[in-house]
Every structure is written in C-alpha cells, then in structure tokens.
Amino acid sequence: MANEQQADFWSGPGGQSWVDNQMQMDTMLQPLGDAALQLLNLQNARHVMDIGCGTGTTTINIAQKLSAGGRVTGADLSEPMIEFARQRLLDEGISNAEFVTADLQEDELQPATYDAAFSRFGVMFFDQSVKGLANIRSAMKPDAPIAFVCWQSPTHNLWHSAAMAVAKEFIEMPAAQDPRAPGPFAFAEPDYVTSILVDAGFKRVSLTPHEQEVELFSGQTVRAAAENFARINPVIGSYISSVDASAAATFFDALADTLSSYHKDNALRFPSATWLVTATA
C-alpha cells in the first residue's frame with residue numbers, strides 16, 4: 001500500500017476494527033512494546049514522539065513514565081484511532097499527552113523538537129521508509145534515542161502465516177510480493193533495517209532478537225476470534241468487505257478450523273519473533 005492507501009485503510013474499516021478490538025490487540029502487542037520501551041532512556045526526556053500510536057496505549061504508558069514537565073505526542077494516520085485515543089486521555093485524566101492525526105512521512109515536522117522517539121509496530125508502513133524515518137530524525141534533537149519493535153519474518157510469526165495460508169485458498173494474491181513493501185513484515189530483514197536507519201541519518205543502530213508467546217482475543221470462541229482476526233488484516237479485511245455474508249461466513253469457518261489448534265485456555269496463543277531496535281539521531 002502507498003501512504004494514501006494506508007491512510008484510507010486505517011481511517012476506514014481497518015482503523016475502526018482496531019478500535020473495536022483495542023483491548024484484545026493491546027493484550028497481544030503491549031508485552032512486545034514494553035520490551036522495546038525498556039530500552040529507551042526517558043530519564044531526562046521533555047518531549048517524546050510515539051510513532052504510529054494507534055489507540056494510544058503506548059503513548060499513555062510513556063506519559064506515565066515521564067518526569068514532571070515531560071510530555072508525549074502520539075501521531076497516527078488513523079482518524080478513528082486518534083479520536084479513540086483522545087477520549088482515553090479525557091477518561092483517564094492524563095494531561096501530559098496529546099494525539100495528532102499525521103502522515104509522518106510527508107508532513108513537515110518542527111526541527112529538533114523531540115528528546116526521544118518510540119514505536120510499537122508503527123514504522124513498517126511508510127511508502128518510502130528512508131524518507132519517513134529521515135523526516136522523524138529531523139524532528140529529533142541531536143543524539144536523541146529512538147527505540148521500536150518490528151516483526152521478524154512471517155515464517156516465525158504463525159499468527160500471520162497460518163491465517164494467510166487460509167486466505168490464499170480464497171483470495172487471488174499478487175504473483176510476487178516485495179517482502180519489503182509497506183506492511184507488518186517490511187522490516188523483517190535486520191541488515192535492511194540497519195541500512196534504512198543509516199540512510200535516514202541515524203547512528204549506533206542495534207537490533208536484538210526477541211521471542212515471546214502472544215495472546216489474542218481472550219475470552220472469545222475460536223469462531224468469533226477468527227472473524228475479528230480477519231477484519232483487522234488489511235488483505236483479508238478488504239476481501240471480507242467485497243463479498244456477501246455467505247462467502248464471508250465460509251471464510252470465517254475455514255479460518256476458525258485452522259486457528260483451532262492455537263486456541264488454548266479460551267484464547268488464541270502463538271509464538272512470536274520480533275526485533276527490538278535502537279538508534280540515535
């Protein structure tokens with residue numbers, strides 16, 4: 001997807017599905033985000049950027065870790081997610097955080113503003129990764145740290161590969177997909193991630209492998225989990241939106257059958273593999 005396509009998806013059905021499943025998605029992703037956040041020195045940070053902040057969980061976590069006077073700005077393409085995140089600030093009485101709808105690849109950012117930057121799976125969707133990360137670096141102060149978590153290859157992340165194996169039986173996929181195209185696994189190759197960050201002007205790049213079991217859609221039957229799982233996947237979600245209810249139900253049934261082997265203790269449980277990435281501006 002180009003950045004405009006990303007904006008259309010995440011400000012449309014993809015973003016709304018994520019909002020609807022916010023607690024479930026955070027259950028899956030927050031432990032992985034926390035592993036990366038532990039690598040980010042926030043001790044003297046006065047202003048932090050949360051890249052691709054989604055529904056705001058990581059932004060709120062950062063806000064709660066900052067010293068007095070520190071603040072954090074969460075930015076995302078998705079209008080439904082940002083609207084939801086802003087309401088969370090009001091509901092939780094958090095005053096040192098803000099949320100903005102922004103395209104961090106294309107929008108002009110104020111130079112040398114941020115003392116640190118963070119992202120939980122939000123940096124892999126740029127249409128032009130070097131341009132997007134260079135734009136972010138320009139908004140960071142010299143030597144400011146950045147930390148983010150991104151997925152390793154789909155073969156090491158069955159939560160994705162198992163679902164896509166089912167999808168291929170129903171959806172005509174492109175003959176050959178660029179593994180580095182914008183999407184969840186665009187940063188799967190460590191040497192490629194390093195080269196992008198260096199080309200964007202970052203220094204002292206480090207990648208650490210991280211493996212951890214993740215939990216998704218706790219408290220849901222495998223059929224309900226399969227349906228929600230399908231709707232938050234950009235490729236599968238687009239297919240579901242294009243077919244009638246009967247065809248969608250057939251797909252959900254097939255996906256539930258595959259996911260049943262991962263449905264344990266009333267939740268989907270998968271092994272996961274990520275990269276914990278750090279660098280400095």
By residue number, the members of segment 136-172 that are free of Cβ contacts under 8 Å to residues at least 12 places away in the same chain and either farther than 24 Å from residue 29 by Cβ or surrounded by 14 or more Cβ atoms within 10 Å (Cβ to Cβ) (or both) are 161, 168, 172
Filter segment 226-251 for residues that are buried (at least 19 other Cβ atoms within 10 Å of the Cβ) and among the aromatic types (Phe, Trp, Tyr); the one that is nearest to residue 163 (Cα to Cα) is 229
query = Looking at residue 260, is it farther than 20 Å from residue 120 by Cβ, small (Gly, Ala, Ser) and modelled with pLDDT of 90 or more?
reply = yes
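Using the structure shown, decide if residue 187 is at pLDDT below 95 and aromatic (Phe, Trp, Tyr). Give the steps one after another, and end with the answer.
Working: at pLDDT below 95: no; aromatic (Phe, Trp, Tyr): yes.
For residue 187, the condition - at pLDDT below 95 and aromatic (Phe, Trp, Tyr) - is not met.
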Flagged in segment 64-85 as part of a helix (DSSP H, G or I) and either farther than 13 Å from residue 44 by Cα or touching a residue at least 40 places away in the same chain (Cβ under 8 Å) (or both), in numbering order, are 64, 79, 80, 81, 82, 83, 84, 85
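Looking at 26, 8, can you tell me which residue is of a type in the set (Asp, Glu), at pLDDT 90 or above and either within 30 Å of residue 241 (Cα to Cα) or in contact with a Phe, Trp or Tyr (Cβ under 8 Å, 6 or more places away or on another chain) (or both)? Steps first, please.
Details: 8 fails: at pLDDT 90 or above.
Just one listed residue meets the conditions, 26.
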The residue from 124, 173 that alone is out of contact with any Cys (no Cβ under 7 Å at 6 or more places or on another chain) and of a type outside the set (Gly, Ala, Ser) is 173
Within segment 98-120, the residues that are under 23 Å from residue 42 (Cα atoms), surrounded by fewer than 22 Cβ atoms within 10 Å (Cβ to Cβ) and hydroxyl-bearing (Ser, Thr, Tyr) are 113
inquiry  = Tell me whether segment 170-191 contains one or more residues that are over 30 Å from residue 261 (Cα atoms) and part of a helix (DSSP H, G or I).
reply    = yes
Result of the Cβ filter at 8 Å on segment 11-29, keeping first residues that are under 10 Å from residue 215 (Cα atoms) and partners that are at pLDDT below 85 and among the aromatic types (Phe, Trp, Tyr), at least 6 apart or interchain, is 25/18
- Query: Would a scan of segment 155-175 turn up a residue that is of a type outside the set (S, T, N, Q), farther than 28 Å from residue 268 by Cβ and either out of contact with any Asp or Glu (no Cβ under 6 Å at 6 or more places or on another chain) or at pLDDT 90 or above (or both)?
  - Reply: yes
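Somewhere in segment 26-49, is a residue over 15 Å from the mean Cα position of the chain (by Cα) and assigned to a helix (DSSP H, G or I)?
In the first step, residues of segment 26-49 are kept if they are over 15 Å from the mean Cα position of the chain (by Cα); the result is 38-48.
From the residues that got through so far, the ones that are assigned to a helix (DSSP H, G or I) too are none.
No, segment 26-49 contains no residue that is over 15 Å from the mean Cα position of the chain (by Cα) and assigned to a helix (DSSP H, G or I).
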Counting only residues in segment 221-275 that are in a strand (DSSP E or B) and among the basic types (Lys, Arg), the one nearest to residue 155 (Cα to Cα) is identified as 269
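How many residues does segment 102-123 hold that are without any contact (Cβ under 8 Å) to a residue 60 or more places away in the chain and among the polar types (S, T, N, Q)? Before the answer, list the steps.
Of the residues in segment 102-123, the ones without any contact (Cβ under 8 Å) to a residue 60 or more places away in the chain are 102, 104, 107-112.
In the following step, the residues that additionally are among the polar types (S, T, N, Q) were identified as 110.
Here the count works out to 1.
The values are calculated or read from the model by the stated rules, or taken from the named source; none is laboratory data. For clarity, every value in this text was computed on a predicted model and none was experimentally measured. Cβ atoms come from the backbone with ideal geometry, glycine included; neighbour counts cover every protein chain shown.
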